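The next block holds one structure in the form of structure tokens; read it before the comments.
The values are calculated or read from the model by the stated rules, or taken from the named source; none is laboratory data. Here the structure is a predicted model, which means the values were calculated and not measured. Reconstructed Cβ throughout: ideal geometry from the backbone, glycine too, with neighbour counts over all protein chains shown.
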Amino acid sequence: MVEVKDLVKSFGHFNAVDNISFKVAPGERFALLGPNGAGKSTTIKMLTTLLKPTSGNLYLNSHDVIKDKALARKSFGIVFQDPSVDTEMTAYENMQLHAILYNVPSKELNTRIKDLLELVELWDRKDSLVRNFSGGMKRRLEIARGLVHHPKILFLDEPTVGLDAQTRNLLWDYVNKLSAEKNMTIFFTTHYLEEAETNADRIAIIDHGQLLTIGTPSKLIKDSKSKSLEEAYLKLTGKAVRDEQANPHDAWRERQRARSMR
Amino acid sequence: MKAIYYLWLRQIKRFFRSKSRIVGSVGQPLLFLLALGYGLGSIYKRAGDGNYLNFLVPGIMAQTVLFAAMFYGAMIIFDRQFGFLKETMVAPTSRLKIMIGGALGGATTATMQGLLVLAISYVLGFRAAHPWMIPIALFIMFGLAIAIASFSSGIGSFVQDMQGFQAINQFLVFPLYFLSGALYPLTNVPTWLRYVAEVNPISYTVDAMRWSLIGVSKFGIAKDLIALAITIVICIIFGLNRFNHIEA
Ligand SMILES: Nc1ncnc2c1ncn2[C@@H]1O[C@H](COP(=O)(O)OP(=O)(O)OP(=O)(O)O)[C@@H](O)[C@H]1O
Ligand SMILES: [Mg+2]
């Protein structure tokens, strides 16, 4: 279970996350959507102990993320939006170190690594230094690494960016299987709305650090009298392209517009 | 235990994979040995103090270990810049283990570099007073390496970029080293310099190295080892404290 209560994160005077609250049920597949700079990654960083919230409370698997970091860390796995592999180690070494850090039983370690590297088609490159991988290959390795251990809650921050269609499908099949078989909670962000529509049980849309709406994909579409999730999303967040933090007045105008749409 | 071992192994592997780091690690000490050892040797002899190369080698070994162990902090900054740091920071492995594993790895590679410099010194004509005491020198180097690797993990935890890290090297580590008596005897120096050397933790390691390799000590080995032990404890506490507060 994931619980976010009155969460705020400010950088100077700017609120990247501005008083957000929501809950995600165990086993649920939950998508956090929003334009560039909306505060999705910042929210995930706070949930995964990388950033300290300015105020508010966070619970993972009923552990207080701020007070019980160590217990909270035992509850989740994460695939980051930004690169996070060691490029001076081989693919196998990256997988192995991760498995050790996450206490994967040594009996299963080799088979799990092999299965996952085969899944993302990197098994024959397992002994190459990651430095020599293409961008997509690195991303595939990060995905595989994020799945080596089986956490209660899995965070995926734009997992499919830069992946080919085949790998995207493989990823979602695998993630959906994990969620169904192990009752794993999936918490993801994406800019591909159809991905959220097919793979999320519930969706939250945030913009300028504020929660605009939350509900099942069909509810979001119905409530905004739209035909597709994309239409609903655009109605809520506006059509303007985001120049992050460019002009506070613009940001304010956007916010007012978004409010009037609700 | 396993986590510590694999984090240690990562440092070892990365060291041996970087040819430039191995070459670079002995380049500077070699320059010091050649330029100072041969350049100042005759003056030193005329002053009646004996063989300068013998005097210099333990100091240069300490220098090598000092800067090599400082480099471990730079590795943390690289890990932050390349994003790998996040991977270890969110893992359900305690920060204590993560720091110990990495710092032990950094200390091991630093000690190996110190040994390499000893080997080169032998080629240049250096001879230990009692070869059977070389393992003691090794032990002292490792102690220094642990202290400095812990210290540098602390620095790497809150300094965000290499420029900041280099500034610490320039304004703290270099002065500590030059004022430690690694390059000149502390017997005939001005009083202020002697006082500085006496509160400088590096002086005691250099002195202990000298004691184990050429049988000469200014402070006495007991005092040296106590100072080294205190340095190790303080550096580990500092490193852990800072490392615990990393925000990636
Ligand atoms: N360390 C920081 N210092 C200052 N501002 C920051 C910091 N981290 C994030 N921000 C700002 O917070 C806002 C939210 O950023 P965040 O990365 O959470 O957006 P996002 O929703 O993940 O966007 P994207 O879809 O582009 O990944 C942005 O305006 C960003 O510039
Ligand atoms: Mg993001």
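Residue A:33 - would you say it is away from ligand 1 (no atom under 14 Å from the Cβ), modelled with pLDDT of 95 or more and of a type outside the set (Val, Ile, Thr)? So residue A:33 fails the test. Within segment A:45-69, residues that are without any contact (Cβ under 8 Å) to a residue 24 or more places away in the chain and farther than 18 Å from residue A:209 by Cβ sit with their Cβ atoms under 6 Å from residues that are within 16 Å of ligand 1 (Cβ to nearest atom) and in a strand (DSSP E or B), at 6+ positions apart or across chains, in these pairs: A:65/A:58. Is it the case that some residue within segment A:10-17 is under 15 Å from the mean Cα position of the chain (by Cα) and of a type in the set (Phe, Trp, Tyr)? Within segment A:10-17 (the criterion being under 15 Å from the mean Cα position of the chain (by Cα) and of a type in the set (Phe, Trp, Tyr)), the answer is no, since none of the residues qualifies. Residue count for segment A:43-96 satisfying the condition of being among the charged types (D, E, K, R), farther than 22 Å from residue A:9 by Cβ and more than 7 Å from chain B (Cβ to nearest Cβ): 1.
Checking each residue in segment B:63-95 for being of a type outside the set (A, V, I, L, M), more than 8 Å from every other protein chain (Cβ to nearest Cβ) and either within 16 Å of residue B:172 (Cα to Cα) or buried (at least 19 other Cβ atoms within 10 Å of the Cβ) (or both) picks out B:63, B:64, B:67, B:71, B:72, B:73, B:80. Number of residues in segment A:56-108 that are over 18 Å from residue A:130 (Cβ atoms) and either away from ligand 1 (no atom under 16 Å from the Cβ) or charged (D, E, K, R) (or both): the value is 27. All conditions but one from (1) within 19 Å of the chain's Cα centre (by Cα); (2) within 12 Å of chain B (Cβ to nearest Cβ); (3) surrounded by fewer than 18 Cβ atoms within 10 Å (Cβ to Cβ) apply to residue A:26; the one that does not is (2).
The set of residues from segment A:210-237 being within 26 Å of residue A:56 (Cβ to Cβ) and in a loop (DSSP other than H, G, I, E, B) comprises just one member, A:216. Restricting A:6, A:18 to residues that are touching a residue at least 24 places away in the same chain (Cβ under 8 Å), within 16 Å of ligand 1 (Cβ to nearest atom), acidic (Asp, Glu) and more than 11 Å from chain B (Cβ to nearest Cβ) narrows the list to A:18.
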